[in-house]
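Engineer: Sharing a structure here in structure tokens format.
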Amino acid sequence: MIAMSFEPKVPQKDLDYQELRIYTDEELQNPSDEELKSFKIKYDIPMLEDLESGPWPSFVADLKVEALRRRKMADDRLLINRDVVEDLLGQLEVSFEDGETHWKHGGIVGVNGYGGGVIGRYSDLPAKFPGVAHFHTVRLNQPSSKFYKSAFLRGLADMWELRGSGIFNMHGSTGDIILLGTFTEQLEPIFQESAHHLSNDIGGSGSNLRTPECCIGKARCQYALYDTQALCYELTMHYQDELHRPMFPYKFKFKFDGCPNGCVASIARSDLSFIGAWRDNIRIDQDAVKGYVAGDFAPGGGSHSGRDWGKFDIFKEVVDRCPSDCMTYEDGVLTVDDANCVRCMHCINTMPRAVRPGADTGLSILCGAKAPILEGAQMSTLVVPFMKAEAPYDNIKDAIDRIQEYWIEEGKNRERIGEMIQRIGLPKFLEACGLPVMPQHVWRPRENPYIFWKAEDVPGGFERDIDDYRKRHAR
Amino acid sequence: MGLSSTRFGAFDPENPTKDRITDIGPRHFWDFFPPIIQRNYGKWLYHEVLEPGVLVHVSETGEKVYTVRAGGMRILSSAFMRDICDVADRHCDGYVRFTTRNNIEFLVDSYEKLEPLKKELESSKFFSGSLKFPIGGTGAGITNIVHTQGYIHCHTPATDASSMVKALMDDLFEYFQSMTLPAKLRVSMACCLNMCGAVHCSDVALLGYHRKPPIIDHEFLAKMCEIPTVIASCPVAAFSPATTPEGKKTVKLKVERCMFCGNCYTMCAALPLSDKEGDGIVVLAGGKLSNRISPPKFSKVIVPFLPNNFPRFPETCEVVKRIVEVYAANANKYERLGDWAERIGWEKFFEKCELPFTEHLIDDYRLQYDSYRTSTQFKYTDAAWAVSKAAGGIE
Ligand code: HEM
Ligand code: HEM
Ligand code: HEM
Ligand code: HEM
Ligand code: SF4
Ligand code: SF4
Ligand code: SF4
Ligand code: SF4
């Protein structure tokens, strides 16, 4: 059974580049290497040119290709300043010289009806670098796990070269496709052209839900414990209003990791981290275990093959490294005390052919990660240990709604949910979400006994009569 | 109908709501999957790294998909986007994928298609000689560095991002193309404390940092910002209301409180922090975010300041390379950098990496006490002998 299929929530335009295209083959022809080698942009950029060498792909070399392309375009084939790329490089060189950025804060730009999706940016040297006087970015929502068809990317490249700088971030830190640098006038056209012809929305900045992001999961990973792509898409579509129209105290991010390996770093980067989990037993193929011991298979699928680490030693490399000491290997048989396994993935990562996660799978929900500003960096805290994750995911939506509703009510302006939890304490947060507490919520019980008892916890409450007390104790 | 080349395209400024499409989300992912991925969705059994940068995933249907991972520049042009598409069209039926760490993955459905693909990727170069698609970034090595905007686009950076990453990846290139380390080593870069990339859980993190308090633009502050907002923005309450001699409302700053977080500037453009001498780089190390063996942990500050030496940041590159080499030579198999440092003790980490331990590295912000060593368990290093000497305990 195919777990997923093409089930978009809104109609999707077919993608045929020959139909989509803006530029002719001739216009798409890049300048030759000879031309490029002798090409100087209109500013001296010796420091940047130093970055053209070296094995790693050089963004300076790449931007020069784009700069020269723009020089050759006909006037009506570019809708913003022809020199935008050269001016960007020129300003960057000046920033190196000054040791200071030359961007001003953005101000109010955006598209009508949306509270996010555009980051405004203006140069503080507009007279010198008019091509980047405005240099706003547009966040275009990325598809789940970032597979693409070339027709889409080619269409996007044409549209963006015409209407903007032609420069992308693939991708921004939150996951979006970032269109880097255009003038205000082109924001609405970019938004609507993407929507009409590429069936793709913008959005995901501001005190909104940010564009959710997921790992590659079931598309190409044997460890995926739930369908990260499907859940990511489902929730992105379900929360479109939250994504586009600010209704939160601050930004809010969802990220989806299919297993505790955490390839999209949800535990460090999202207000709600959804991390795959299983609740039955690890599946072991004993013959394959013997294969690893005999050296037939490389540990970690060959992840360490660049160095001679000696013969595979199942004790040293697996059994003794298990953080909860729950594995044994005796008489050629590997056993796991599943009740004590903390699902760290180490044995599975090390012997992928022999050890697989359990089959009764779902996810854990953790809450509250954020970068240091203001009250220090936080990682997400375990909230829900296990939850089945199957379409239409109503249980997950319900859990999210409970958490977000409380945050909207209780969170202060510009307070991330993790900061709110720190302010009010985990017990209060859990109670508000209708969740009981468990020892798994903490690493250890508290060390101070400053328990904030509530009146209703104590027989008779807090109201007492001093006269009654005085009957027993002299003043 | 295709994309428009007219000035406003599908948007009609006279009638902005006409045919307006909103709230459609990203494209659905399914038709972006190569057919072999669609056929084997959720059926993968195991994978192997055939060589650095080349993976095979084997499905229970018996099918195998081969992936070649190429290091990517996060910032790239339309011209380069088309180069990517050309490779995808020639070898992968037009499909391509990007990874969380900004690499580019090309997938083929048979072993025979692998060699021609690799060959093309290896031979594609920019006019200046840099590779366009270096193959690597798998297993126990160093994959691409995630980074933020820096001087390319942001108003608060304390350093530049794309240039530092290019310089570092050139220096660490051998680790990108090999799998010789004890475990994965993740490097991340953010150009200010906002950490758009959330670098605080990386094996090695590079962070732009301001070291001078904001300049107060007294003349304009009240015009540009709301004073209560400015005061509230500061996490250490360093601002208080004030009036200029001319009677203009402004704020004053207790500079000794300032931790250079830049939050005030984020709230108010009349409080710029950037400064050529002041700004530079903090190096952190020992974080991780997978749950493998040990739980995720934060990175720790190991070098309080390095200068912004554009464009190639030699001091920063040298420190990072040194740490990587010492780690590679000393850690056990599967041991992440932070786990190694904890096992040998941070005092030994500083000794082995020959990094000076300065007072800046001891936490004096909130909750600092947790990091103080309330035990007699420690190891002796030169740094310890120096303290004993200063205390008059030894000659
Ligand atoms: C309080 C903390 C933060 C502040 C004040 C902040 C501020 C900013 C600013 C000013 C920009 C604009 C950069 C530009 O000019 O393009 C930006 C971009 C961005 N931020 Fe943040 N940021 C914060 C935390 C984060 C975190 C933790 C993440 C992700 C986990 C994040 C994700 C992004 C993304 C994806 C962008 C788009 C540009 C890029 O990818 O570099 N931000 N942020
Ligand atoms: C129409 C009015 C405004 C809109 C639509 C707006 C929208 C936004 C959005 C979408 C963000 C992005 C937040 C993020 O990505 O984290 C943001 C951030 C911010 N805005 Fe505004 N804003 C407005 C007015 C203001 C005003 C009046 C101020 C201050 C006087 C202000 C100060 C800030 C600050 C400090 C951030 C912080 C960015 C961050 O920490 O991420 N904004 N604003
Ligand atoms: C918030 C928690 C604590 C409070 C309020 C507290 C309070 C006190 C008080 C009032 C005394 C003096 C008792 C007397 O001689 O009349 C005392 C003594 C003492 N406390 Fe605590 N204490 C706390 C936690 C701790 C902890 C965590 C430790 C050890 C780890 C500790 C170790 C001691 C010791 C060793 C004495 C001296 C006992 C003796 O000399 O017989 N206390 N504490
Ligand atoms: C000078 C202090 C301010 C700073 C440092 C600041 C900071 C920021 C940041 C960091 C972002 C985007 C970050 C992200 O999405 O990741 C942003 C976006 C934005 N800010 Fe501000 N903000 C300031 C003041 C203002 C003011 C005074 C206004 C308007 C009155 C404003 C309006 C906006 C708008 C409209 C956006 C983009 C909203 C969007 O489309 O996403 N900001 N700001
Ligand atoms: S997080 Fe787990 S399931 Fe997702 S891609 Fe990484 S290893 Fe696979
Ligand atoms: S997953 Fe981790 S905790 Fe569980 S048995 Fe394997 S090594 Fe031990
Ligand atoms: S880390 Fe700081 S300087 Fe860099 S892009 Fe984010 S907000 Fe801007
Ligand atoms: S930089 Fe940070 S600590 Fe310093 S004044 Fe501004 S907000 Fe306060």
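The values are calculated or read from the model by the stated rules, or taken from the named source; none is laboratory data. Only a predicted model underlies this, so the values are computations on that prediction, with no experimental measurement involved. So basically every Cβ, Gly included, is an ideal-geometry build from the backbone, and we count neighbours across all protein chains shown. Note: accessible area is taken over every heavy atom of the protein model, side chains too, but ligands, DNA and RNA are not part of it. Shrake-Rupley method; radii C 1.70, N 1.55, O 1.52, S 1.80 Å.
Engineer: Are there any pairs with C-beta distances below 9 angstrom linking a residue in region B:375-395 that is farther than 26 Å from B:A341 by Cα to a residue that is not in a loop (DSSP other than H, G, I, E, B), with the two at least 6 apart or on different chains, and if so which?
Structural biologist: Listed pairs, sorted by first residue: B:G393/B:V387; B:I394/B:W385; B:I394/B:S388; B:E395/B:K389.
Engineer: Please verify whether region B:351-360 includes one or more residues that are at pLDDT below 95 and open to solvent by 80 Å² or more (accessible area, probe 1.4 Å).
Structural biologist: yes
Engineer: With respect to A:C221, determine if the residue is within 11 Å of chain B (Cβ to nearest Cβ) and within 16 Å of ligand 1 (Cβ to nearest atom).
Structural biologist: no
Engineer: For A:Y250, work out the one condition from (1) more than 16 Å from ligand 5 (Cβ to nearest atom); (2) touching a Leu at 6+ places or on another chain (Cβ under 8 Å); (3) of a type outside the set (V, I, T) it doesn't fulfil.
Structural biologist: (2)
Engineer: Looking only at region B:97-130, how many residues end up being in contact (Cβ under 8 Å) with a residue 24 or more places away in the chain, within 21 Å of A:L36 (Cα to Cα) and surrounded by 21 or more Cβ atoms within 10 Å (Cβ to Cβ)?
Structural biologist: Residues in region B:97-130 being in contact (Cβ under 8 Å) with a residue 24 or more places away in the chain, within 21 Å of A:L36 (Cα to Cα) and surrounded by 21 or more Cβ atoms within 10 Å (Cβ to Cβ): 1 in total.
Engineer: Sticking with this one: Would it be correct to say that A:Q229 is closer than 30 Å to B:V108 by Cα, within 16 Å of ligand 1 (Cβ to nearest atom) and in contact (Cβ under 8 Å) with a residue 60 or more places away in the chain?
Structural biologist: No; evaluated as a whole, the condition is false for this residue.
Engineer: While we're on this one: Could you identify the single residue in A:L209, A:L180 that is crowded, with 24+ Cβ neighbours inside 10 Å and at the interface with another protein chain (Cβ under 8 Å from one of its Cβ atoms)?
Structural biologist: A:L180
Engineer: Given (1) open to solvent by 50 Å² or more (accessible area, probe 1.4 Å); (2) more than 7 Å from every other protein chain (Cβ to nearest Cβ); (3) not acidic (D, E), where does A:F6 come up short, assuming only one miss?
Structural biologist: Tallying (1) open to solvent by 50 Å² or more (accessible area, probe 1.4 Å); (2) more than 7 Å from every other protein chain (Cβ to nearest Cβ); (3) not acidic (D, E), A:F6 fails exactly one: (2).
Engineer: Additional query: Here's a check for you: in region B:191-206, which residue that is closer than 19 Å to B:M259 by Cα and touching a Pro at 6+ places or on another chain (Cβ under 9 Å) is farthest from ligand 8 (Cβ to nearest atom)?
Structural biologist: Out of the qualifying residues, it is B:H200.
Engineer: Which numbered condition in (1) within 16 Å of ligand 7 (Cβ to nearest atom); (2) at pLDDT 90 or above is the only one that A:A230 fails?
Structural biologist: In the conditions (1) within 16 Å of ligand 7 (Cβ to nearest atom); (2) at pLDDT 90 or above, A:A230 misses (1) alone.
Engineer: Quick test of your reading of the structure: B:K18 fulfils all but one of (1) outside any helix (DSSP H, G or I); (2) of a type outside the set (A, V, I, L, M, F, W, C); (3) open to solvent by 50 Å² or more (accessible area, probe 1.4 Å); (4) at pLDDT 95 or above. Name the failing condition by number.
Structural biologist: (4)
Engineer: Note down all Cβ pairs under 6 Å where the first residue falls in region A:4-24 and is more than 27 Å from A:L162 (Cβ to Cβ), the second is part of a loop (DSSP other than H, G, I, E, B), and they're at least six residues apart or on different chains.
Structural biologist: Taking only residues 6 or more apart or on different chains, the pairs are A:M4/B:Y41.
Engineer: When you go through (1) within 8 Å of chain B (Cβ to nearest Cβ); (2) in contact with a strand residue (DSSP E or B) (Cβ under 9 Å, 6 or more places away or on another chain); (3) in contact (Cβ under 8 Å) with a residue 60 or more places away in the chain one by one for A:D158, which number turns out not to apply?
Structural biologist: Among (1) within 8 Å of chain B (Cβ to nearest Cβ); (2) in contact with a strand residue (DSSP E or B) (Cβ under 9 Å, 6 or more places away or on another chain); (3) in contact (Cβ under 8 Å) with a residue 60 or more places away in the chain, the lone unmet condition for A:D158 is (2).
Engineer: On to the next question. Out of the residues in region A:96-112 that are open to solvent by less than 20 Å² (accessible area, probe 1.4 Å) and more than 14 Å from ligand 1 (Cβ to nearest atom), which is farthest from A:L51 (Cα to Cα)?
Structural biologist: Out of the qualifying residues, it is A:V111.
Engineer: All but one of (1) more than 7 Å from chain B (Cβ to nearest Cβ); (2) within 11 Å of ligand 1 (Cβ to nearest atom); (3) part of a loop (DSSP other than H, G, I, E, B) hold for A:R139, so report the exception by its number.
Structural biologist: Against the list (1) more than 7 Å from chain B (Cβ to nearest Cβ); (2) within 11 Å of ligand 1 (Cβ to nearest atom); (3) part of a loop (DSSP other than H, G, I, E, B), A:R139 comes up short only on (3).
Engineer: Something else: Might you let me know whether region B:294-308 holds any residue that is within 14 Å of chain A (Cβ to nearest Cβ), more than 16 Å from ligand 4 (Cβ to nearest atom) and free of Cβ contacts under 8 Å to residues at least 12 places away in the same chain?
Structural biologist: yes
Engineer: Hey, can you tell me all the residues within region B:138-161 that are open to solvent by 10 Å² or more (accessible area, probe 1.4 Å) and not in a loop (DSSP other than H, G, I, E, B)?
Structural biologist: Matches in region B:138-161: B:V146 only.
Engineer: So, one more: Among the listed residues B:C201, B:C196, identify the single one that is in a loop (DSSP other than H, G, I, E, B) and more than 22 Å from A:R414 (Cβ to Cβ).
Structural biologist: Answer to the check: B:C201.
Engineer: Grab the strands (runs of 3 or more DSSP E) fully contained in region B:24-96, keeping just those with 1 or more residues being over 14 Å from A:S145 (Cβ atoms), more than 8 Å from chain A (Cβ to nearest Cβ) and open to solvent by less than 30 Å² (accessible area, probe 1.4 Å).
Structural biologist: B:54-59, B:64-70
Engineer: Here's a follow-up. Looking at region A:318-334, can you tell me whether even one residue there is farther than 22 Å from A:G300 by Cα, within 16 Å of ligand 6 (Cβ to nearest atom) and more than 10 Å from chain B (Cβ to nearest Cβ)?
Structural biologist: The answer is no; no qualifying residue exists.
Engineer: Here's another thing I want to ask about it. Can you name the number of the only condition in (1) under 17 Å from the mean Cα position of the chain (by Cα); (2) more than 16 Å from ligand 1 (Cβ to nearest atom); (3) polar (S, T, N, Q) that B:S130 fails?
Structural biologist: (1)
Engineer: In addition: Count, please, the residues in region B:214-228 that happen to be more than 20 Å from A:L374 (Cα to Cα) and part of a helix (DSSP H, G or I).
Structural biologist: 7
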